[in-house]
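Student: Got a structure for you, questions after.
The values are calculated or read from the model by the stated rules, or taken from the named source; none is laboratory data. Since the model is a prediction, treat every value here as computed from it, not as a measurement. So basically every Cβ, Gly included, is an ideal-geometry build from the backbone, and we count neighbours across all protein chains shown.
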Amino acid sequence: MVKQVKTAVFPVAGLGTRFLPATKAMPKEMLTVVDRPLIQYAVDEAREAGITHFVFVTGRNKGVIEDHFDRQFEIEAMLEARGKMAALESLREDLPSAGRTSFTRQQEPLGLGHAVWCARELVGNEPFALLLPDMLFKGRRGVLKQMMETYEEAGGNVIAVEEVQRQEVSSYGVIGRGRGDDAGFQITEMVEKPDPRNAPSNLIISGRYILQPEIFSLLADQPRGAGGEIQLTDAMQSLMGIQPFFGVKYEGQSFDCGSKIGFLTANVAYALDREEIGEGFLAALAKLGLHTALIDGFKVAAE
């Protein structure tokens, strides 16, 4: 029987330079898709998958993230006084239970692997989930929940993957696919940003992981890799030598909200899907000259 995954790590120390000046004083993880911050979507996904402990690896000027996951008594009192009970209940439902959030600092920008290593004392000797808030996933079930089903059956380490065009793989970490179906197959190798001609597949790592605690000792000794940073993929390659890795080609659509195009596309997809504003937003897009058939096609693709 595998150990239950109770903890999720959220690396939120990045500077968000691609969104300047918006991120000059506001963390990029607090940028909103419609009316919810990116970090809230990631936490919601983790909660759906059964996570009960939420670890945030922060940096300077990220205190607003901690405030977001705390109660705001002035706002709550105002909503209650005005009888806006639905909004009040929604705010309270979004909060993890008291004592379920932890925060630690990544004091140097040394990459994703280093950010994960900074969470070692809070995670302890237990398996954990890792969610990159820049990646937003839309589907009937959360990606991490789909991964948990594979983990509970097979154990080991689990990585979410998605298919891209072969010529695009040089921008991502790419895996080699072994035996098994889309819901859980063996990963035979991992390569960071390969030449498309030599890539083992067109399946890329998508920002969701379930990892065993042995990754921490490997990260502690991991030499700096590409960009002078401690690369998580390098440590996972080492861990593959002693533990199995499984891939999940998840059901749903991804939005890379670390890019402006991905972020704006996510806003359109989520707005169209919102019952209270979808039709109005569709009409507004039509006024901009977008053909209704094109908008309808976009909405279907985003479902």
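Student: Does the stretch 73-96 contain at least one residue that is under 29 Å from residue 213 (Cα atoms) and hydroxyl-bearing (Ser, Thr, Tyr)?
Tutor: Scanning the stretch 73-96, I find no residue that is under 29 Å from residue 213 (Cα atoms) and hydroxyl-bearing (Ser, Thr, Tyr), so the answer is no.
Student: Identify all residues within the stretch 157-173 that are of a type outside the set (S, T, N, Q) and either at pLDDT 95 or above or under 19 Å from residue 251 (Cβ atoms) (or both); write none if there are none.
Tutor: Passing the criteria: 158, 159, 160, 161, 162, 163, 164.
Student: OK, next. Taking residue 232 as the residue in question, decide whether it is farther than 18 Å from residue 193 by Cβ and of a type in the set (A, V, I, L, M).
Tutor: no
Student: Tell me the residue from 12, 57 that is under 16 Å from residue 256 (Cα atoms) and of a type in the set (Val, Ile, Thr), please. Spell out how you get there, then give the answer.
Tutor: Working: 57 fails: under 16 Å from residue 256 (Cα atoms).
Checking each option against the conditions leaves just 12.
Student: Here's something else I'd like to know. With the checklist (1) free of Cβ contacts under 8 Å to residues at least 24 places away in the same chain; (2) within 23 Å of residue 27 (Cα to Cα); (3) of a type in the set (D, E, K, R) in hand, flag the one item residue 70 doesn't pass.
Tutor: Against the list (1) free of Cβ contacts under 8 Å to residues at least 24 places away in the same chain; (2) within 23 Å of residue 27 (Cα to Cα); (3) of a type in the set (D, E, K, R), residue 70 comes up short only on (1).
Student: Still on this structure: I need a count of the residues in the stretch 17-35 that are touching a residue at least 24 places away in the same chain (Cβ under 8 Å), part of a loop (DSSP other than H, G, I, E, B) and surrounded by 14 or more Cβ atoms within 10 Å (Cβ to Cβ).
Tutor: So the count comes out to 4.
Student: To continue, here is another question. Could you list all residues from the stretch 75-116 that are of a type in the set (A, V, I, L, M, F, W, C) and within 21 Å of residue 43 (Cα to Cα)?
Tutor: 86, 87, 88, 91, 95, 98, 103, 112, 115, 116
Student: Just for the stretch 3-16: of the residues that are in a loop (DSSP other than H, G, I, E, B) and more than 11 Å from the chain's Cα centre (by Cα), which one is farthest from residue 124 (Cα to Cα)?
Tutor: Applying the filter and picking the extreme gives 16.
Student: Out of the residues in the stretch 156-173 that are over 18 Å from residue 232 (Cβ atoms) and over 19 Å from the mean Cα position of the chain (by Cα), state the one that is surrounded by the most Cβ atoms within 10 Å (Cβ to Cβ).
Tutor: 170
Student: In addition: Is it the case that some residue within the stretch 79-90 is touching a residue at least 40 places away in the same chain (Cβ under 8 Å) and in the same structural domain as residue 32 (by TED's automatic domain parsing)?
Tutor: no
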